[in-house]
């Protein structure tokens, strides 16, 4: 199984443990990721906040890079995912714009390469079975809530591969690695990450509410699939006893008994290791 | 008695055309406001913005903080009974505010500008230099300082930017005709 | 000695949980006139009825008392059961021990039981004196009168005429078509109302079974269901052309009909009752029907100066849902026709702006809400939620002061034309016609139906049926549907071989009657009159409702009711007095 890989800007920096765990888990599952040559930033919420055209052009270049590879593109960042999909949709539907982009970026759009999110790719029935087989250290007794955040599942007409209100694909993965999935009502509530720096008052309120809701549900940790959500929840929850926030790939890595887990977990602001030890998952 | 609004139905049509969102369909059930995570911090709530757009209250809308606080999480658009996606409407309103010389919410605007400048410079965002630029722009030098240092110590923020090879191509993409990003 | 059977019903627990039904049966059995008494869980069930039938035969009963629920519920059931076993059904009576006993005395079971015993005792006294009676049969005049030549009246007339019955259609104006002929396009699909109605008018005028009387009114009605005598008077409409439409009655004419369909429709609300909206005073403030006529004729121009209005404000609920100053009810059609008018205005004057003030959008009906949404969505009509406070002139503009309650701010619009969606009132002649027809109206003059859920097309007077907006605000399809329903009711009547007349009505012992006329004046149903030649009071059995007013009023005790004879009533009273 081979994919072109568009990691997104945070993977090398604030979400470095997401990138490392993604690499390790994919390797363990035989999913080969071929990084797109010379990818650029998708512009994230800043581009669509200030200039609609730019917000489509920046991700269009990444679509261009994937053309001709014959590989579907996997990205681990939900914002990148949403923006690349929006650009791809416009390339598909707006012929004049497609020509303009093709000319500007020197490529030919063939529309064969679909863009998918890492969670979508890893939670197919086939791979879930593989995950189950590969699990050597099941996360028994670890109570996990799945947190999808906003743009992974919305707007459904662009990103929709799971239910926009009650998505379950991360839950299925968590079950497959032996964790105890705890139901809660905040799976798709936004954490406000795009205001993390400019209006930290707002994101502290939202992140704290989410962390508190996870605790109220009885969760030990929050599993997430977005670099923005993770750093936001990890650094902005204003609780006395904080809830660790882990990437779903990190939890998979632990369950697979992969080397290097310690290195990822050290990167967290809220250290997840105490609770993992308490549950007998880490030595 | 409050001063009566003078109505301008043309404004709603302009925003509808620019955003591609069927704003005139709104029947004001306020489901968007009810579900919006940041509504509590907005001066006008999302449904009120839609209504003010319908009524043509251009100044009130374009100078509101609400249009800068929308985080684009698409909760409203996903649940709206009339398929009105407010996020693209808020995008369009921000563009119109900037074009019309309305003052944006300073910190939000500063961050977006710094972010886009960073991409234009390197092709990807370089957090450290972007943050420094943002701090200077917003004149808010010290907030989140400890958090930033913590992240640096954990190796989550790199000191040196990497420039992608295709950066000139990226810069060409910035020539969209919008004074905002070319400035 | 009579041979009466008494059957005490438990009604599940409805009676039996309060009243000791066994004791009631035992007590009844003590009477020398009762030869059989028993109790049963549900007398109205098939085994219960079978018990009555078998007992009548086995004990050779000459009277039956069922102690159970109100006679309104099952008197017919038990009388039919008795009749099938060979007993005259009028010797079967109900002792009501549910509504009048167990239900109202739930906290006093002992006294309730005693009361139930007494109720049964009174009925024993009545039944032992009951006569065997036989219903009479009356012929039916199979011709219908339809009052009102609008869309509802024409629908009823055509349905009846197509079924093969002669119909007389009376219309006060000099043309058919009613209000619908004055409308422009109908809502939902903008179909031209005049075209639609023209087809109906031609069908009516050319129908061999329909006689159309224009410029005519019903001025009197006598008789009863199946056998009415209607007086129809023609009159001159001042300044009316009339055209080719010949049929009319110059002199009062009496027509015999078996049934009447009342379809007199609605009239607009007087504009001068809306002074705060400049009604009747500002020429560019008009009502919805006037705007309809503009749309129908094609040109939308201001009444004041003939200019094409560039800004039009529609005001919904102008006078409606306003119990203090206007009418309390909702006229139901305005939300829809205003949306349509605003859309048609935007079609004709694309550069113009249309605003609608509303307090709710009431668009219930298939496709209705979608239609109103279209006005906002496709025609950019700006809807403002709030009641308008004041409309007045400023130069050549009409200023509308309202509010948008959604943002909580007042709004002011300088308009060129204002259209008020005023309430539908019943036809201005509805109240006087109701008196002639002896049917009831509500406080506004809308005809009352016999039951709001189960008998919506009948009046409380047998043989008189309702169709269209005269019964309450309605749109075209509803009026047509109701007219079809009313016609079906008439056909049901006409399909009977004869009218069955209950015998338990008033009669007169002529030897005692002094022709004083008291009974005539107290009878609420017009069933009594003094015979002009024989000088005795008579009873029109078809109209009598057995209310007993004449019996009480008659100084000579000449007025009686079959099986409610004074001896019976006094014997019943004796039981209660002890």
R0 of 60 Å, Cβ-Cβ distance residue A:157-residue C:448: FRET efficiency to nearest 0.05: 0.65
Computed lengthening from residue C:510 to residue C:138, 0.36 nm per intervening residue step minus Cα-Cα distance: 131.7 nm
Computed helical MRE - 222 nm, chain A, DSSP H runs ≥ 4 contributing -39500 (n - 2.57), nearest 500: -14000 deg cm²/dmol
Separation of the residue C:110 and residue B:137 label points, Cα + 7 Å toward Cβ, nm: 9.2 nm
Highest-fluctuation residue, B:113, B:18, B:171 considered, GNM on chain B with Cα pairs under 10 Å: B:171
Rg over Rh [alpha-carbon atoms, Kirkwood Rh] for region A:211-274: 0.95
Cut-off 18 Å (backbone N to label point 7 Å along Cα→Cβ of residue B:6), residues of region C:380-401: C:394-401
Residues of region B:109-139 with amide N under 16 Å of the 7 Å Cα→Cβ point at residue B:158: B:118-131
Separation in nanometres of the label points that stand 7 Å from Cα toward Cβ, at residue C:26 and residue C:299: 9.4 nm
Of A:137, A:52, A:83, the one that fluctuates the most in a GNM where chain A has Cα springs shorter than 10 Å: A:52
Contact order relative to length of region A:199-254, as percent, for alpha carbon pairs under 8 angstrom and 6 or more apart: 43 percent
Folded to 0 to 90 degrees: helix A:52-66 orientation relative to chain A principal axis, Cα: 90 degrees
Convex hull of Cα atoms in region C:451-578, direction-averaged projection (nm²): 11.6 nm²
Dimensionless Rg ratio for region C:522-573, taking C-alpha atoms and the 2.2 N^0.38 Å reference: 1.19
FRET efficiency, 1/(1 + (r/R0)^6) with R0 22 Å, evaluated for residue B:13 and residue C:348 via beta carbons: 0.70
For chain C: relative contact order, % (alpha-carbon pairs under 8 angstrom, 6 or more apart): 13 percent
When chain A is reduced to its Cα atoms, the Kirkwood hydrodynamic radius in Å: 19.2 Å
Mean-position separation - Cα centroids, region B:72-104 and region C:257-290, in angstrom: 45 Å
Residue A:277/residue A:97 FRET efficiency (R0 51 Å; Cβ-Cβ; nearest 0.05): 0.40
Against the rule of thumb 2.2 N^0.38 Å, how large the Cα Rg of the protein assembly as shown comes out: 1.36
Ranking of C:187, C:444 by count of other Cβ atoms within 10 Å, fewest first: C:444, C:187
Antiparallel content of DSSP bridges confined to chain C, in %, to 5: 45 percent
Rg/Rh for region C:1-71, where both radii come from Cα atoms and Rh is the Kirkwood radius: 0.96
Computed lengthening from residue C:58 to residue C:393, 0.36 nm per intervening residue step minus Cα-Cα distance: 111.7 nm
Principal axis dimensions, chain B - Cα atoms, whole angstrom, descending: 56, 36, 32
Burial ordering of A:50, C:576, fewest other beta-carbon atoms within 10 Å first: C:576, A:50
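Arranged from highest to lowest average of other beta-carbon atoms within 10 Å per residue, in what order do the peptides C:59-72, C:553-566 appear?
On the way: C:59-72: 21.4, C:553-566: 17.1.
Order by mean packing, descending: C:59-72, C:553-566.
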Pairwise centroid distance, computed over Cα atoms, of region C:337-367 with region A:37-78, Å: 44 Å
Sum of -39500 (n - 2.57) over DSSP H runs of 4+, divided by residues of chain B (222 nm, nearest 500): -15500 deg cm²/dmol
Principal semi-axes in Å for chain C [√(5λ), Cα gyration tensor, largest first]: 58, 30, 21
Mean-position separation - Cα centroids, region C:44-104 and region A:102-171, in angstrom: 75 Å
Potential lengthening between residue C:432 and residue C:573 on full extension [0.36 nm per residue; Cα-Cα distance subtracted]: 46.5 nm
Peptide B:106-117 - average C-beta neighbours from other chains (10 Å radius): 6
Cβ neighbours within 10 Å from other chains - mean over B:148-161: 3
For region B:111-169, Kirkwood radius (reciprocal of mean inverse C-alpha pair distance, Å): 12.1 Å
Near-label residues of region C:343-365 by backbone N, under 18 Å of a point 7 Å along Cα→Cβ of residue C:190: C:343-355
MRE, 222 nm, helices only [DSSP H, n ≥ 4, -39500 (n - 2.57), over chain C, to nearest 500]: -8500 deg cm²/dmol
Nearest-ten-degree value, helix C:566-577 long axis tilted from longest Cα axis of chain C: 80 degrees
Exposure proxy ranking, count of Cβ atoms within 10 Å, fewest first, for A:108, C:290: A:108, C:290
Inter-label distance for residue C:131 and residue C:50, nm, one decimal - labels placed 7 Å from Cα along Cα-to-Cβ: 3.7 nm
Computed over region C:505-561: relative contact order in percent, which uses C-alpha pairs under 8 Å that are six or more apart: 47 percent
Gaussian network model of chain B, Cα within-10 Å springs - most flexible of B:31, B:45, B:154: B:154
Angle in degrees between helix C:368-377 and the longest Cα principal axis of chain C, rounded to the nearest 10: 20 degrees
Cα gyration tensor, region A:2-118 - rounded (a/c under 1.5), prolate or oblate: oblate
Kirkwood estimate for region C:4-127, i.e. one over the average of 1/r between Cα atoms, Å: 13.8 Å
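Every read-out reported here was derived from the displayed coordinates using simple, explicitly stated rules and does not represent laboratory data. This is a predicted model, so every value here is computed, not measured. Please note: Cβ atoms are built from the backbone with ideal geometry, for glycine as well, and neighbour counts cover all protein chains shown.
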